[in-house]
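So the structure is just underneath, and the comments pick up after that.
The values are calculated or read from the model by the stated rules, or taken from the named source; none is laboratory data. Bear in mind the structure is a predicted one, so any value in this text is a computation, not a measurement. Virtual Cβ from ideal backbone geometry, glycine too; neighbours counted across all protein chains shown.
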Amino acid sequence: MNPVVAEGDVLTLHPEDYCVGRDVLRIRVTHVPRYANCLASAWVRLCGVELRPDGLPLRERIILARVRALVEQRARADGRRPC
């Protein structure tokens, strides 16, 4: 089974999929805590670099992301239907 999220992943998160989200966020993950791939959690803390629309790095961010959104994004990336 693939991990829910891994270092180097580029995520696109909608405002409802991360805490205090106001806009769509593109972030390249730089650190994943050990517990991040546990599906029992509703939210996971991730460290990363926010990306501008052109893909260039903007700033470092620490976010709380909704695990369900990460699972769905991983499934789409793997060519599977999200559960």
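Here are the numbers:
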| quantity | calculated |
| --- | --- |
| Enumeration of residues in segment 56-67 that are of a type outside the set (A, V, I, L, M, F, W, C) and either closer than 11 Å to VAL5 by Cα or without any contact (Cβ under 8 Å) to a residue 12 or more places away in the chain (or both) | ARG59 |
| Per-region count, segment 9-28, residues under 16 Å from ALA77 (Cα atoms) and either without any contact (Cβ under 8 Å) to a residue 40 or more places away in the chain or part of a loop (DSSP other than H, G, I, E, B) (or both) | 4 |
| So ALA40, is it of a type in the set (A, V, I, L, M), out of contact with any strand residue (DSSP E or B) (no Cβ under 7 Å at 6 or more places or on another chain) and either assigned to a loop (DSSP other than H, G, I, E, B) or at pLDDT 90 or above (or both) | yes |
| Residue within segment 5-27 that is surrounded by 14 or more Cβ atoms within 10 Å (Cβ to Cβ), modelled with pLDDT under 90 and under 9 Å from the mean Cα position of the chain (by Cα) present | yes |
| Residue under evaluation ILE63, criteria (1) over 14 Å from THR12 (Cβ atoms); (2) modelled with pLDDT of 90 or more; (3) in contact with a Cys (Cβ under 9 Å, 6 or more places away or on another chain), criterion not met | (1) |
